[in-house]
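Down below is the structure, laid out as structure tokens.
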Ligand code: HOZ
């Protein structure tokens, strides 16, 4: 049924470690062989064996307009004729920067980079350079890319594949990272009482997507804002996933809590490699060449990437599909939960905008400790039952799934029906 996938992965295993260019794509947590995709059309993926899937991975978040959206394709076709990279300023960089600044209430200036990892790495360096302090706080189960100092108690593939603290991250690098439980305002306040004057930054996913979808409570986010303000610490919202996804103005607009710096990626590149970090001009002016904090990149602000990003954000800005997206996502979550409950399967859901997770857990998931008690064996069976029914879910209990503007009601109903068939036989 998937013999071409099998053959390609066998070859890849000889050429690329684990046959994948990112561990999140290996099916380590669900077993079996990764499915090799050949084509994306709207909300559908087509694999190299000709099987079709409703896609809830959406390249791990970026494809909010679906695959090959005409506006993005047209923008890329136009841009490529003018050349693919100059290593100089371009007019379109301003346009993308302007769109980001207009959308995100706390952002006054931005730098474009090539990935979410680069964005968080640069934001941490800037916070340290700006404050002259070393220590940072991160939260267990949050993932901020594969930055050494943030690859501690990390979510996403690090948690999925049980290496939340990677070999190769030196004790020295990690020594300045304090890890606290997510959604625990008391732990935050106590840590500030102890280390307040030494803390350069707090970095947080205001809506976590890398231990499954877990929403930051307002008490937690407000405590972060209050304590960082009191102690002159930079508050960084990692909105690589939530930016332009839980609303056009991201989690900061949705929850009304303003960070000092914001990191972005995924949606803002429309499927091409883009990241960005931005925030208060007073802090951003510490970046070289205005200030002294170094950050650079040959392909930063790349013309193709900016063209795809601008096209995506302009569609979102003009059509504001967020209420509709959220309604569709809630419908999916409610249907999956109802189907699980009907067959006595312990489950919970969490949704924010067009991100969601069905947790196989009898208790609500609020942090990494509760996420870690999910029935990951059931998740693996569920993943394959859904794949075999033509539904492509993230291959880990600890990754959020995503919807696009082209997921239809019929697709949602088909997904719920497939899940119900699985639940009926998996007791
Ligand atoms: N940040 C992505 C999801 N947690 C990982 C994607 C990847 O590594 O391929």
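Bear in mind that the values in this text are calculations on the coordinates, not laboratory data. Just so we're clear, the structure is a prediction, and the values are computed from it rather than from any experiment. Cβ: placed from backbone, ideal geometry, glycine included. Neighbour counts: every protein chain shown.
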Taking the alpha-carbon centre of each part, the distance from region 3-30 to region 318-337 in Å is 33 Å
Arrange the peptides 377-384, 208-215 so that the one whose residues have, on average, the most other Cβ atoms within 10 Å appears first. 208-215, 377-384
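Considering every Cα-Cα pair within region 155-229, what fraction, in whole percent, is farther apart than 17 Å?
The answer is 53 percent, as a whole percent.
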Suppose we keep just the DSSP beta bridges with both residues in region 200-303; what percent of those would be antiparallel, to 5? 45 percent
Sort out for me the Cα centre separation of region 103-121 from region 269-296, rounded to whole Å. 6 Å
Alpha-carbon gyration tensor eigenvalues x 5, square-rooted, for region 275-427, Å: 38, 20, 14
According to the square roots a ≥ b ≥ c of the eigenvalues of the Cα gyration tensor, what is the shape class of region 209-321, taking rounded for a/c under 1.5, prolate for a/b larger than b/c otherwise, and oblate for the remainder? oblate
Theoretical FRET efficiency, 1/(1+(r/R0)^6), r = Cβ-Cβ of residue 314 and residue 88, R0 22 Å, to 0.05: 0.40
Whole-number D in µm²/s for region 266-327 (Stokes-Einstein; Kirkwood sum over Cα pairs; 25 °C, 0.890 mPa s): 179 µm²/s
Over region 87-179, what is the mean sequence separation of C-alpha contacts under 8 Å (at least six apart), divided by residue count, expressed as relative contact order in percent? 21 percent
To the nearest 500 deg cm²/dmol, what mean residue ellipticity at 222 nm is calculated for the chain from DSSP H runs of n ≥ 4 alone, each contributing -39,500 (n - 2.57), summed and divided by the residues? -12000 deg cm²/dmol
Nearest-0.05 FRET efficiency for residue 198 and residue 7, computed from C-beta distance (R0 51 Å): 0.40
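Arrange the peptides 261-270, 293-302, 327-336 so that the one whose residues have, on average, the most other Cβ atoms within 10 Å appears first.
261-270, 327-336, 293-302
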Hey, in the GNM for the chain with a 10 angstrom Cα cutoff, which one of 324, 194, 252 fluctuates hardest? 194
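For region 10-133, what value does the Rg/Rh ratio take when both radii are computed over Cα atoms and Rh is the Kirkwood radius, given to two decimals?
My calculation of the ratio gives 1.04.
Under 1.5 on a/c is rounded, so check that first for region 103-207, then, if it is not, pick prolate when a/b is larger than b/c and oblate when it is not; a ≥ b ≥ c are the square roots of the alpha carbon gyration tensor eigenvalues.
In terms of gyration-tensor shape, rounded.
Can you tell me the length gained on complete extension of the stretch residue 299 to residue 324, counting 0.36 nm per residue apart and subtracting the Cα distance?
Between residue 299 and residue 324, full extension yields an extra 5.5 nm.
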Taking the Cα of residue 343, stepping 7 Å toward and past its beta carbon, and measuring to each backbone N in region 377-402: which are under 14 Å? 378-389
Mean separation of Cα contacts under 8 Å (6+ apart) over length of region 1-124, as relative contact order %: 14 percent
Starting from the Cα gyration tensor of region 375-427, take the square roots of the eigenvalues, sort them a ≥ b ≥ c, and report rounded, prolate or oblate (rounded when a/c is under 1.5, otherwise prolate if a/b is larger than b/c, else oblate). oblate
What is the fewest-to-most order of 405, 101 by other Cβ atoms lying within 10 Å of their Cβ? 101, 405
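Thinking of region 322-362 as a set of Cα atoms, what percent of all their pairs are more than 10 Å apart?
66 percent
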Semi-axis lengths, Å, the chain, gyration tensor of Cα atoms, sqrt of 5 times eigenvalues: 33, 26, 21
Taking Cα pairs closer than 8 Å and at least 6 residues apart, the relative contact order of the chain in percent is 22 percent
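Could you give the length gained on full extension between residue 186 and residue 230, defined as 0.36 nm per residue of separation minus the Cα-Cα distance, in nm?
14.3 nm
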